[in-house]
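The values are calculated or read from the model by the stated rules, or taken from the named source; none is laboratory data. Please read all numbers here as calculations on a predicted model, not as lab measurements. Note that each Cβ is placed from the backbone with ideal geometry, even for glycine, and that neighbours are counted across all protein chains shown.
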Amino acid sequence: MSIQVKEVSKFYGKQKALDSLSFEISDAEVVGFLGPNGAGKSTMMKIITGFLPQSSGDVFVNGLNVMEHSLEIRKQIGYLPEHNPLYLDLYVKEYLEYVAGIYKLGKKKKQRVNEMIELTGLGLEQKKKIGALSKGYRQRVGLAQALIHDPKVLILDEPTTGLDPNQLIEVRQLIQDIGKEKTVMLSTHIMQEVEAICERVLIINKGRLVADQASNNIHSIKESHMLDLQFTSAVPQAFFQSITGITHVEALANHRYQVSAKTDVREQIFQMAVSNNLVLIEMKSQERSLETLFQELTRQ
Ligand code: ADP
Ligand code: MG
């Protein structure tokens, strides 16, 4: 188990930012950490990386208690903080050498810096000042510094926020490549990003966990079909039971029914209605978007 978070709460003064949060992340998993602004994502990430103490609860990274081993933990974790603080006056290569120095990479330093420049596609920019780089390239520098000591665990706080569409695709691809070998936890408020990069998604709201599932599972929820039907007379339960794919039926007033299904069952419903002499006078379909699902999950 790479990361274990056990009933962690965090107060800023009287304000509760995390409310008894618990989850685990296995080795080499790529997990999306999703939630609206103010949900507590950055707070949780700062606690996991040892930059902020929790008020209560325990966090373990690679089996070590973060509070007790914060220096050792920092060697095992690569962290890209939310606003990616970089020294804008330093040159890219100079900055990465400086970071490599902090991690005491010794003889491996030069080689490691060059490898990171290669990996993050900074070859042409390495002699530029960080302040002269576009946001996308600054994010690459942030990723390079997070990876330089070859950590097993990467914590990336909104790594793609503020990127233009092309940069977004490139940085996502980079994270996906990195994620093949490492445990990655990345925060975002974009659902599509989780679908594109992550195997699993943790959704938090107001400091509490509201969902923990495989991201392709989220996809199937998204693709579940919702139909509003109206007949001229009551429809027996058996009618809906005979149609495969229907997962839930709610009977409403005036012979209206709300049907949830795993597949598109409109044609079957129509055919069945005809062969059972039931008059279907209305059929409306609504597909739940990821955003709707997200809202449902994070609504109080
Ligand atoms: P997210 O990253 O999901 O947007 P944060 O972890 O930044 O959420 O914030 C969670 C809550 O804690 C918010 O209500 C925020 O205002 C509050 N908060 C964050 N940092 C501080 C701080 N240093 N002092 C006081 N309140 C804070
Ligand atoms: Mg944040």
>> If the requirement is being within 16 Å of ligand 1 (Cβ to nearest atom) and either without any contact (Cβ under 8 Å) to a residue 60 or more places away in the chain or more than 27 Å from K6 (Cβ to Cβ) (or both), which of these qualifies: G162, G131, G142?
In response: G162
> When both residues are 6+ apart or on different chains and their Cβ atoms are under 6 Å apart, which pairs have a first residue that lies in the stretch 67-89 and is outside the structural domain of K41 (by TED's automatic domain parsing), and a second that is surrounded by 15 or more Cβ atoms within 10 Å (Cβ to Cβ) and at pLDDT 95 or above?
Replying inline: none
>> Conditions first: (1) near ligand 1 (Cβ under 8 Å from one of its atoms); (2) touching a residue at least 40 places away in the same chain (Cβ under 8 Å); (3) more than 25 Å from Q176 (Cα to Cα). S42 passes all but one, so which condition is the exception?
In response: (3)
> If we keep just the residues of the stretch 3-31 that are within 7 Å of ligand 1 (Cβ to nearest atom) and surrounded by fewer than 15 Cβ atoms within 10 Å (Cβ to Cβ), which is farthest from T188 (Cα to Cα)?
Replying inline: G13
> Among Y98, Y79, Y87, which is the only one that is surrounded by 18 or more Cβ atoms within 10 Å (Cβ to Cβ) and among the hydroxyl-bearing types (S, T, Y)?
Replying inline: Y79
> Limited to the stretch 32-71, what total is found for residues that are within 16 Å of ligand 2 (Cβ to nearest atom) and either surrounded by fewer than 18 Cβ atoms within 10 Å (Cβ to Cβ) or of a type outside the set (K, R) (or both)?
Replying inline: 18
>> Within the stretch 172-188, take every residue that is buried (at least 18 other Cβ atoms within 10 Å of the Cβ) and not in a helix (DSSP H, G or I) and give me the one that is nearest to ligand 2 (Cβ to nearest atom).
In response: S187
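Okay, residues lined up against (1) in the same structural domain as S187 (by TED's automatic domain parsing); (2) at pLDDT 85 or above:
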{"site": "K206", "(1), (2)": "yes, yes"}
{"site": "V210", "(1), (2)": "yes, yes"}
{"site": "N216", "(1), (2)": "yes, no"}
{"site": "Q241", "(1), (2)": "no, yes"}
{"site": "Q258", "(1), (2)": "no, yes"}
{"site": "S285", "(1), (2)": "no, no"}
>> Checking the condition within 16 Å of ligand 1 (Cβ to nearest atom) and under 20 Å from M1 (Cβ atoms), which residue from I47, I73 passes?
In response: I47
>> So, M191, is that one in the same structural domain as T160 (by TED's automatic domain parsing), at pLDDT below 90 and crowded, with 18+ Cβ neighbours inside 10 Å or not?
In response: yes
> If you go through the stretch 260-282 one residue at a time, how many are in a strand (DSSP E or B) and modelled with pLDDT under 95?
Replying inline: 2
